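Have a look at the structure below before the remarks.
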Amino acid sequence: MTGAATARIVVLVSGRGSNLEALIAATENGSVDGRVVAVISNRPDVFALGRARRHGIAAQTVDHTTFADRGDFDRALMEAIDAHEPTLVVLAGFMRILTPEFVAHYAGRMLNIHPSLLPAYPGLRTHARALTDGVARHGASVHFVTNELDGGPIVLQGEVPVCEGDDPERLATRVQRIEHLIYPQTVAWYAAGRLRLTGDHVELDGRRLDAPPRMRLEDTVHDTEITTE
C-alpha cells in the first residue's frame, strides 16, 4: 500500500457506532485521507446505520440470524464488503467472532478496537473486571485482527485513570473518549501508507513497533488533556 490514493474504508458495526461517528468526522475534516464508503451491520435497525445514512454513506445489513452457520454468514459478509473494493476494513463494536477464512481474506487490512489495555482483559465485561481488580489505569487498544480473539498485534493504546467512585458505565464513558482519539489516528496512519502488518509484527514508518505507543487521557477538570509517550 502506497497511500497515493484516498483509502476506501468499510466499517462493520453491531450497535450505536460512536467510534464510527469519530471516524467519519476524521475523514470529513481531513484528519484521515480516506472516506467511509460503506457501513455494514450484522443486526438490522441499529443506531449506527442511521449515523451512516445521515452522512450519505451506504448502509447495509447482513443479518447473521438468517444463515445456517458462521461460515455461510462470513462468506455473505465478505461478498458485501468486497463489493465496495475496500482498502481497509474497520471493526467498530462488531460483535461477531470471525472465521479463519474471513480473517485470512482481510489479513493486514482489518483493524479492531478493544476496550482494555491488551493483553489485559480480552473478551467481554472489561470495565467491570478492571474495577474488580482495583487497577489504577485502564483504556483501549487498536490492533490488527488475527485468528486469536483480541490477540492481534497492537498498533496504538489509549490510557485513562480509574477514578474514585467509578462504576462500569462511568469508566466506559471515559474510555470511549480515548477510543475516539486512537481509532481515527490509527486509521490515518494506515490510510497514509505509514502503517503495515509484516508477519506477526506492526511497522510504523518502516520501523518495527516492539511496544505500541500510548496516548493518555489525564484526569483533568474537563478530562481533555492528552499526552503521547
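Okay, residues lined up against (1) farther than 27 Å from residue 10 by Cα; (2) over 13 Å from the mean Cα position of the chain (by Cα); (3) not small (Gly, Ala, Ser):
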{"site": "117", "(1), (2), (3)": "no, yes, yes"}
{"site": "138", "(1), (2), (3)": "yes, yes, yes"}
{"site": "151", "(1), (2), (3)": "no, yes, no"}
{"site": "155", "(1), (2), (3)": "no, no, yes"}
{"site": "167", "(1), (2), (3)": "yes, yes, yes"}
{"site": "182", "(1), (2), (3)": "no, no, yes"}
Those residues of region 135-168 which are touching a residue at least 24 places away in the same chain (Cβ under 8 Å), of a type outside the set (Val, Ile, Thr) and more than 23 Å from residue 109 (Cα to Cα), in sequence order: 136, 137, 138, 139, 159, 161, 163, 166, 167, 168
Hits in region 44-69 - residues which are charged (D, E, K, R), in a helix (DSSP H, G or I) and either modelled with pLDDT under 95 or surrounded by 14 or more Cβ atoms within 10 Å (Cβ to Cβ) (or both): 51
Close pairs (6 angstrom Cβ cut-off, 6 or more residues apart or separate chains): closer than 22 Å to residue 80 by Cα and in contact (Cβ under 8 Å) with a residue 40 or more places away in the chain in region 23-40, of a type in the set (Gly, Ala, Ser) and surrounded by fewer than 22 Cβ atoms within 10 Å (Cβ to Cβ) anywhere: 38/58; 40/80
Residue ID - surrounded by the fewest Cβ atoms within 10 Å (Cβ to Cβ), chosen from residues in region 97-107 that are in a loop (DSSP other than H, G, I, E, B) and in contact with a helix residue (DSSP H, G or I) (Cβ under 9 Å, 6 or more places away or on another chain): 97
Residue check for residue 72: part of a loop (DSSP other than H, G, I, E, B) and without any contact (Cβ under 8 Å) to a residue 40 or more places away in the chain: no
Members of region 1-17 that are under 30 Å from residue 203 (Cβ atoms) and either among the acidic types (Asp, Glu) or surrounded by fewer than 16 Cβ atoms within 10 Å (Cβ to Cβ) (or both): 2, 4, 5, 6
So residue 8, is it of a type outside the set (A, V, I, L, M) and under 21 Å from residue 196 (Cβ atoms): yes
Candidates 122, 86, filtered to the one that is within 23 Å of residue 172 (Cβ to Cβ), modelled with pLDDT of 95 or more and in a loop (DSSP other than H, G, I, E, B): 122
Hey, residue 110 surrounded by fewer than 16 Cβ atoms within 10 Å (Cβ to Cβ) and closer than 30 Å to residue 160 by Cα or not: no
Considering residues of region 125-161 that are among the polar types (S, T, N, Q) and part of a helix (DSSP H, G or I) only, the residue surrounded by the most Cβ atoms within 10 Å (Cβ to Cβ): 126
Residues of region 119-136 satisfying the condition of being within 20 Å of the chain's Cα centre (by Cα) and of a type outside the set (Gly, Ala, Ser): 119, 121, 122, 124, 125, 126, 127
Count of region 75-108 residues which are in contact (Cβ under 8 Å) with a residue 12 or more places away in the chain and acidic (Asp, Glu): 2
Residue ID - modelled with the lowest pLDDT, chosen from residues in region 70-83 that are charged (D, E, K, R) and in contact with a Ser or Thr (Cβ under 7 Å, 6 or more places away or on another chain): 70
Identity of the residue in region 41-64, of a type outside the set (D, E, K, R) and in contact with a Phe, Trp or Tyr (Cβ under 9 Å, 6 or more places away or on another chain), that ends up farthest from residue 184 (Cα to Cα): 64
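The values are calculated or read from the model by the stated rules, or taken from the named source; none is laboratory data. As the structure is a prediction and not an experimental result, all values here were calculated from the model. Cβ atoms come from the backbone with ideal geometry, glycine included; neighbour counts cover every protein chain shown.
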